[in-house]
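Derivation of every value follows stated rules applied to the coordinates shown; laboratory data play no part. All values reported here derive from a predicted model rather than from experimental measurement. Positions of Cβ are generated from backbone atoms using ideal geometry, with glycine treated the same way; all protein chains shown enter the neighbour counts.
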Amino acid sequence: MALPKREEIEEKDKWDLTPMYDCKENWEKDIDKALELVEEVASFKGRIMESSSTLYDFYIAYDKMNRLSEILYLYAKMSCDTDTTNQEYQKMKSRVEKMMEDISTKLSFIQSEMLACPYETVLGYIKEDSRLQEYAFDLEQTYRYQEHTLSEKEEAIITKATNAFGTGDEVFYNFDNADINLGKIVDENGNEEELTNSNYQKYMNSKDRRVRKDAFTNMYHYFESFKNTISSAYKGQLKEDFFMSDVRKYANPLEMSLYHDNIDVSVYHNLIDTIHNHLNEMYEYMALRKKALGLEEMHMWDIYVDIASATPEDIPFEEGKNILMEALKPLGDTYLHDLEKAFSERWIDKFPSVGKKSGAYSWGSYDTYPYLLLNYNGTVDSVSTMGHELGHSMHSYYSNKYQNSINCNYPIFLAEIASTVNEVLINDYLYKQAKTKDEKILYLTEFLEKVRTTIYRQTMFAEFEMIMHDKYEKNIPITEEELSNTYYELNKLYYGNNVVSDNAIRYEWLRIPHFYTPFYVYKYATGLSAAIAIASDILNGKEGAQKAYLEFLSSGGSDYPLSILKKTGVDMTTKEPIEKAIEMFKDKLEELKKLI
């Protein structure tokens, strides 16, 4: 069925961007206004820190400029996302992107100028002028980097060096996108199809085992044939990581990566150690999958296929909305009342159309709705995706409502928690509403797979990164063989003897793009662990859990992530949240055992 054109989509099914701009002419006027505000901020150069009142005036001017430029960018980008073929939108997007680049260059003096002033002086300013109190945490965060910031001349050299870096990431990006050629396979119906990154997961879910094996073989044969090239690119990333951590005076790249969120490296180690203590649960799950699939040997190409045969009926959008409203009732009347605004105020762009950006996201600014772009298609997955993105939007809604524009932005460490809490609640609701045994199996395995892929697998990735950085620091030669053998041994450890760790899986690390953003993937595992712990407390009616969660959503980035998370009773410096997530995993696994 052909996709409708944008103009064929009903207005009620599109997001409403008119609260930002009702026409392009008003957007144009604000472009000129934003450039004037940039000049106003630039006029503070050389005098930001001369007095408490000047510092306050600077914050007011910067905040005004930043908020307007965010709306300008948001409007152009979101308009473009609804119809990427629209040349007018493309021009608007290019213009505002260039404006943002120019702003960044023109105002690059701000941090170094602020850090040239002693922090004791800043604390004195805050004490002297109470208006600065709302910016105290932002100033504290800025000054944390004082010991890791060099002289103006040295910073200029590092900037130039940074521009020369990123080669490994760029090489991998082009290799994995522009140049990739995974060959062809024959699908379940005997049709020869091109294998791509986009359709690989579909074939790994095929009920035809031959199709799964062919897709797996093609994928890893391709990466194996370029193993030395990609290994060199990743080794370049390791060199860059250690160069930056060294010149910035961090103990190592891990400490540098966690520094922004003020997270001690013990949190990272704690995640890995705790998962190591609970590998038996994964082994049991793999044994059950093997039994359910009726396999004598379960290979790596068998671990993604659904063991349930249930195919839920098409779910119209309004019915999907009703499912969400029922599933999220445990979050309370206040949450549901505010959630309804997403629909009544048209935050959501609902359906796919010609030229519309694929996928889904939640995005907004301090002065706009927290909008959602969806491509709703009536599947259970699309209901879950809507709930996931609404979790982000409600997080933004409450943060914007209760925090100032400086403290409203929550860090990535916390970002996936609100969205995943919704996913856990939706899964729990659908399981409880399931009418058949096969439906129950479907929703149980959906949860178990999320834990496998997001907690166990991402922790395995995190451990691989840590090991390879440790080996580099110890001057152990980082060869393709060293990289692939390390990954292969980890794969065997995490999946156990119930899965045949096929030789080709040693090359899986070659296709993971997140390894070029060092020590990032652990946040997926901690985020889901925290979300399951929170959802578990809410579902079990723990006293104060619902109220504490709303307080978490309202905190934005007003404190360090671990401190904000502790408001929900979740302390990621301990094993408890991870073990609580594994406990729910075990409970769902036991239910699945009974059904199978």
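How much length, in nm to one decimal, is gained on full extension between Asp314 and Glu473, taken as 0.36 nm per residue of separation minus their Cα-Cα distance?
Gain in length upon complete extension: 51.9 nm.
If we count other beta carbons within 10 Å of each Cβ, what is the order of Glu284, Glu39, fewest first?
If I rank by nearby Cβ atoms, fewest first, I get Glu39, Glu284.
Rounded to the nearest Å, what's the spacing between the alpha carbon centres of segment 490-554 and segment 238-270? Just the number, please.
Taking the Cα centre of segment 238-270 as reference, the centre of segment 490-554 is 21 Å away.
Output the pairs from Lys12/Lys77; Lys5/Lys435; Lys12/Lys33; Lys77/Lys249 with a Cα-Cα distance over 27 Å in this structure; if there are none, say none.
Lys5/Lys435; Lys12/Lys33; Lys77/Lys249
State the dimensionless ratio Rg/Rh of segment 6-164 (Rg: radius of gyration of Cα atoms; Rh: Kirkwood radius).
1.07
Could you tally the net charge around Val171, taking each other residue with its Cβ under 13 Å from the Cβ of Val171, Lys/Arg +1 and Asp/Glu -1?
-4
Out of every Cα pair in segment 437-552, what percent are spaced more than 19 Å from each other?
60 percent
How many nm separate the modelled label positions at His148 and Ala251, each set 7 Å beyond the Cα in the direction of the Cβ?
That separation, rounded to one decimal, is 1.3 nm.
Just to verify a number: FRET efficiency for Glu128 and Asp63, C-beta to C-beta distance, R0 = 25 Å, to 0.05?
Calculated transfer efficiency: 0.80.
Say R0 is 25 Å: what FRET efficiency, to the nearest 0.05, do Glu25 and Lys341 get from their beta-carbon distance?
0.30
Provide the gained length on full extension for the span His221 to Lys593, in nm with one decimal, where the gain is 0.36 nm per separating residue minus the Cα-Cα distance.
The His221-Lys593 span can extend by a further 130.4 nm.
Too long at a 20 Å Cα-Cα cut-off: which of Lys98/Lys356; Lys440/Lys586; Lys239/Lys471; Lys437/Lys593; Lys207/Lys291?
Pairs exceeding the cut-off: Lys98/Lys356.
Report the trypsin sites (Lys or Arg not before Pro) located in segment 287-382 that are in a DSSP loop and have at most 14 other Cβ atoms inside 10 Å of their Cβ, or state none.
none
Less than 9 Å Cβ to Cβ from Ala531, Lys/Arg counted +1 and Asp/Glu -1: what total charge do the surrounding residues give?
Here the charged neighbours net out to -2.
If R₀ is 35 angstrom, what is the calculated FRET efficiency for the pair Thr379 and Ser563, using the beta carbon separation as r and rounding to 0.05?
Rounded to the nearest 0.05, the efficiency is 0.35.
In segment 1-33, whose amide N lies under 16 Å from the spot 7 Å out along Cα-to-Cβ of Thr196? List them in ranges.
3
Over all Cα pairs of the chain, how is the pair count split among 10 Å bins, expressed in % and running from 0 up to the last occupied bin?
Result, from short to long distances: 3, 14, 23, 28, 21, 8, 2, 0 percent.
Counting other C-beta atoms within 10 Å, and keeping those with at most 15, which DSSP coil chymotrypsin sites (Phe, Trp or Tyr not before Pro) do you find in segment 95-163?
Phe109, Tyr145
Under a plain spin-label model, where a point goes 7 Å from the Cα along Cα-to-Cβ, how far apart in nm are Asn228 and Thr121?
Taking the two extended label points, one gets 5.7 nm.
In terms of Cα to Cα distance under 17 Å, which lysines are near enough to Lys227, apart from those fewer than 8 places away along the same chain?
The reachable lysines, counting only those whose Cα sits under 17 Å from Lys227, are Lys235.
Using a simple spin-label model with points 7 Å from Cα along the Cα→Cβ vector, what separation in nm is obtained for Lys329 and Asp438?
If labels sit at Lys329 and Asp438, their model points lie 2.8 nm apart.
Ignoring solvent entirely, what values of log10 I(q)/I(0) come out of the Debye formula for segment 30-106 at 0.14, 0.17 Å⁻¹ when each Cα is a single scatterer?
The Cα Debye sum returns log10 ratios of -0.51, -0.67.
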